[in-house]
1. Would you mind stating whether Tyr113 is modelled with pLDDT of 95 or more, of a type outside the set (A, V, I, L, M, F, W, C) and under 12 Å from the mean Cα position of the chain (by Cα)?
2. Identify all residues within the range 42-55 that are assigned to a loop (DSSP other than H, G, I, E, B) and either within 20 Å of Gly136 (Cβ to Cβ) or among the small types (Gly, Ala, Ser) (or both); write none if there are none.
3. So which residues in the range 41-63 are within 14 Å of the chain's Cα centre (by Cα) and surrounded by fewer than 16 Cβ atoms within 10 Å (Cβ to Cβ), if there are any at all?
4. Name the residue that is surrounded by the fewest Cβ atoms within 10 Å (Cβ to Cβ), counting only residues in the range 20-40 that are in contact (Cβ under 8 Å) with a residue 24 or more places away in the chain and out of contact with any helix residue (DSSP H, G or I) (no Cβ under 7 Å at 6 or more places or on another chain).
5. All but one of (1) surrounded by 11 or more Cβ atoms within 10 Å (Cβ to Cβ); (2) over 15 Å from the mean Cα position of the chain (by Cα); (3) of a type outside the set (Lys, Arg); (4) not in a helix (DSSP H, G or I) hold for Pro141; state the number of the condition that does not hold.
6. Can you tell me which residue in the range 64-85 is surrounded by the fewest Cβ atoms within 10 Å (Cβ to Cβ), limited to those that are assigned to a loop (DSSP other than H, G, I, E, B) and under 14 Å from the mean Cα position of the chain (by Cα)?
Amino acid sequence: MKNAAEILLVDDNPADTDLIRDVLERSQRPLHVNTAADGEEAMSFLQRRGKFAGANSPDLVVLDLNLPRKDGRAVLAEVRADAALRKLPIVVFTTSQAPHDIVCSYELGANCYVSKPGSLPDFVAAVKSIAEFWLGSASLPH
């Protein structure tokens with residue numbers, strides 16, 4: 001069993017990526033955060049293609065829906081269609097609060113849907129709660 005949890009953060013907003021990484025890395029749990037800026041890069045990472053051939057498999061994916069090249073919905077569908085990846089826990093963390101996006105994400109196999117709050121304190125609290133639940137309380141497949 002690995003000592004540190006591996007997280008793949010998939011988000012194209014550098015400010016959000018930096019903030020999420022900072023909050024996660026300040027948690028009490030040992031973890032390592034990898035990032036992907038679009039859906040194509042996320043799938044390359046998850047399938048260990050190209051420059052990601054030696055990457056560790058993530059224990060958790062934090063996925064934005066609105067991504068360039070391949071959006072989060074397509075990533076969800078592709079991960080759930082891949083027998084080697086389908087058990088991977090995926091938390092959708094996105095700005096959308098649209099009921100359609102929430103329903104669609106769960107239909108595609110998201111394990112959790114969290115809307116990004118607009119205020120900094122609420123954003124930080126949301127990231128902390130994701131980390132506490134998924135890396136603290138939940139039992140993850142290995």
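The values are calculated or read from the model by the stated rules, or taken from the named source; none is laboratory data. If you're wondering where the values come from, they're calculated on a predicted model, not measured in any experiment. Please note: Cβ atoms are built from the backbone with ideal geometry, for glycine as well, and neighbour counts cover all protein chains shown.
1. In short, yes.
2. Ala53, Gly54, Ala55
3. Within the range 41-63, Ser57 is the sole residue that qualifies.
4. Restricting to residues being in contact (Cβ under 8 Å) with a residue 24 or more places away in the chain and out of contact with any helix residue (DSSP H, G or I) (no Cβ under 7 Å at 6 or more places or on another chain), the top hit is Pro30.
5. For Pro141, the exception is condition (1).
6. Asn66
For (1) more than 15 Å from Asp71 (Cα to Cα); (2) among the β-branched types (Val, Ile, Thr), each residue gets a yes or a no:
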position: Glu6; (1), (2): yes, no
position: Asp11; (1), (2): no, no
position: Ala15; (1), (2): yes, no
position: Ile20; (1), (2): yes, yes
position: Glu25; (1), (2): yes, no
position: Leu31; (1), (2): yes, no
position: Ala36; (1), (2): no, no
position: Gly39; (1), (2): no, no
position: Met43; (1), (2): no, no
